[in-house]
2 protein chains.
Amino acid sequence: MDTQKALYVFREHLERYIVFNEAEWIVFMQHLTFRTLKKKRYFAEPGIVCKDIGFIVKGAVRYYHIKEGEEITGYFSFENEFVSSYKSYLTQSPSLTYIQALEDTELVGISHKDMQLMLNNPMLAYKMERFGRLVAEHYLICYEDRVSSFITKTPEERYLDLLNTGRDILQRMPQHYIAHYLGITPVSLSRIRRRILV
Amino acid sequence: MDTQKALYVFREHLERYIVFNEAEWIVFMQHLTFRTLKKKRYFAEPGIVCKDIGFIVKGAVRYYHIKEGEEITGYFSFENEFVSSYKSYLTQSPSLTYIQALEDTELVGISHKDMQLMLNNPMLAYKMERFGRLVAEHYLICYEDRVSSFITKTPEERYLDLLNTGRDILQRMPQHYIAHYLGITPVSLSRIRRRILV
DNA sequence: TCAAAACGTTAACAAAAGATAAGGAATTTG
DNA sequence: CAAATTCCTTATCTTTTGTTAACGTTTTGA
């Protein structure tokens, strides 16, 4: 996908949050970067400040930690979603997680520095605050649902939920990633699947 | 605590996010309500749209679901924190959880309607967008940490974390609430505590 | 103030999950 | 294309958690 097309797709999806007029869009665009993250390359790494928030035009990433030598995959992002190590990006402190491309992934990025410039640019400030608010609220809601599922549901129930709503994750992610995403081991998920079949 | 004092405390803490000049503050104040929620009364209930976001001046609340006849406490808010059934408030859809006062609790509230009025009032719009963004980002980070603890930590590790950082929760909440907050049963938490002592 | 309810611990047993290892199928990669 | 790696399942055994119930203590509230 070329840069023009990517920017067009981005603008299209952005309109869920804010609509720029042409003059604003031209300035906004100057603060964007377009890049391809090759498969297995990192968008974020522990100990390193995550400088960008990205919008995935094509591809997918996974978020993972390493615990006792093992990779624990906690989250995924796909096309038309944002990706960032949010805490690291928002506070400009070292990331705690890896974010890795699972396929060649094309991203429109906004660096923290450019975001600050736009938040301080009178022409864009209001819409950027609004944009930031709506995106943060969107993810706040996602996380609220997810925390609530850990509190009130068993792993088996979380898997059943995923069967209803997790099309992308189920179809595109290997099962051992999904297991960790649900908070259990791959062996345990395999057993849950067998239990459900009966 | 009287209304004046409560508003003063609120303004003080708000300055973490935004600073109003006097003219703005006077208008902003007109969109606030001050009320006391008696112990055991509800700030939010399942099936009912949560109309307010509250700032707790004094007191504490717990968030809980009912599952198979049992109350599962998932979260708490204390003095100088916000309280809301966020998804319900942000989307004006029915709440999924109860939010109940654990003590007589004094709140400064902003109704969804008043928030919209302020977001559409040119005098306040920019600062309100910014306020909304910063609050949402704050809670986004809290939730990110919490999800990550469910993915990468055992219940015992989550309890040990709480011993380090959860002063308010540990000192003011009964242990069976804490257990559910950690995603386990009260019996299990009691065992973990014994394990740790040895 | 006094009975009822709530709370935390413990015990016993059942159910689920974790750890480890083995084996076969599928996929990757040099 | 062949070797290596990844992936999922299954089995075994251990550990942890869930469930239920009992008991004594503390707190609540009529």
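The values are calculated or read from the model by the stated rules, or taken from the named source; none is laboratory data. This one's a predicted model, so the numbers in the text were calculated from it and none came from an experiment. Here the Cβ is made from the backbone with ideal geometry for all residues, glycine too, and neighbour counts use every protein chain on show. Protein only, heavy atoms only, side chains kept; ligands, DNA and RNA dropped before computing areas. Shrake-Rupley method; radii C 1.70, N 1.55, O 1.52, S 1.80 Å.
For the stretch B:1-86, the strands (runs of 3 or more DSSP E) that sit wholly inside it and include 2 or more residues that are surrounded by 13 or more Cβ atoms within 10 Å (Cβ to Cβ), away from every other protein chain (no Cβ under 14 Å) and in contact with an Asp or Glu (Cβ under 8 Å, 6 or more places away or on another chain) are B:32-37, B:52-58. Does the stretch B:116-142 hold any residues that are within 11 Å of another protein chain (Cβ to nearest Cβ) and open to solvent by 20 Å² or more (accessible area, probe 1.4 Å), and which are they? Within the stretch B:116-142, B:PRO122, B:TYR126, B:LYS127, B:ARG130, B:ARG133, B:LEU134, B:GLU137, B:HIS138, B:ILE141, B:CYS142 meet the criteria. The criterion of at least 2 residues that are within 12 Å of DNA strand D (Cβ to nearest atom), within 14 Å of chain B (Cβ to nearest Cβ) and surrounded by 17 or more Cβ atoms within 10 Å (Cβ to Cβ) is met, among helices (runs of 4 or more DSSP H) falling completely within the stretch A:158-198, by A:175-181.
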